[in-house]
Amino acid sequence: KYVAMDETLKTALPTITAAQAVTGSPVIGCLLTELKLMNTDLGRLALSVTMFSDVMGISMVGVAMAILGNKTKTALVPALEIITLLAFILSIIYLFRPAILWMLNRIEEGKSVKESYTITIFVFVLVCGFLSELISQHYLLGPLVLGYVVPAGPPLGSALVMKLEILATGLFYPSYLANSGLRTNIFRVNPRSTWIMGVL
């Protein structure tokens, strides 16, 4: 309203502000682990609140995308997208979670997780990502919700972390950051927009 700015930046400011105002639960989880607060009442409360906030935030983004992406200007299309989103989340909770709990109950005490169970969960992640894209949501929505319904800790959660941690932190995450950085054209960045974003 008071500062002259690019029209695209003007329309993007609410989204950017909302994204910057949210701290994801994985970040909070890392901080709680570093501060050795994870197993305290305060740590569990903080992690529960941020996980709930993540799910609510993702749901609100899904609703906002359904409303803003509505080209027909009728209320029916966003309503259908919201219903589809809710049905998808409920299907993860009521279809994928029981399957994961069934696998968890079949693991014998003191034994390691079968390779077939691990592969099945990886397939679930891929299917959830594909279904997220199919219902016009971000591909991370399905795997994130699925991650919340997988029981943490041993034997299943620990086995998944052990299998994925080295690959994810050593290969996938650095590759993702390098790819994003290399595709960024710094010469197209508007200095005035940079100043506004810096203040924000």
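The values are calculated or read from the model by the stated rules, or taken from the named source; none is laboratory data. None of the values given here were measured: they were computed from a predicted structure. Quick reminder, even Gly has a Cβ in these numbers, built from the backbone with ideal geometry, and neighbours come from all protein chains shown. The area values use the complete protein model at the heavy-atom level, side chains included, leaving out ligands, DNA and RNA. Shrake-Rupley method; radii C 1.70, N 1.55, O 1.52, S 1.80 Å.
Here the chain is described by how far its Cα atoms reach on the three principal axes: 65, 44, 36 Å, from widest to narrowest.
Ignoring ligands, DNA and RNA, what accessible area per residue does the chain give at 1.4 Å, in Å²? Each step should come with its number before you reach the end.
Numbers: 14380 Å² over 200 residues.
Here the residues of the chain average 72 Å² of exposed surface.
Comparing Thr194, Gly110, Ile82 along the charge dipole axis of the range 74-200, the residue lying farthest to the positive side is Thr194, per the Cβ-charge model.
May I ask for the angle, rounded to the nearest 10°, between helix 156-167 and the longest principal axis of the chain, with both axes built from Cα atoms and the value confined to 0 to 90°? Approximately 50 degrees, to the nearest 10. In the chain, the longest principal axis of the Cα atoms and the axis of helix 76-91 are about 20 degrees apart.
Solvent-accessible area assigned to carbon and sulfur over the chain amounts to 70 percent, based on a 1.4 Å probe.
To the nearest 20 debye, what is the magnitude of the charge dipole of the chain about its Cα centre, counting +1 on the Cβ of each Lys and Arg and -1 on the Cβ of each Asp and Glu? Walk me through the numbers on the way to the answer.
Numbers: 14 positive and 11 negative charges, 78 e Å.
For this selection, approximately 380 debye.
In this Cβ point-charge picture (+1 for Lys and Arg, -1 for Asp and Glu), the range 76-154 has a dipole of about 160 debye about its Cα centre.
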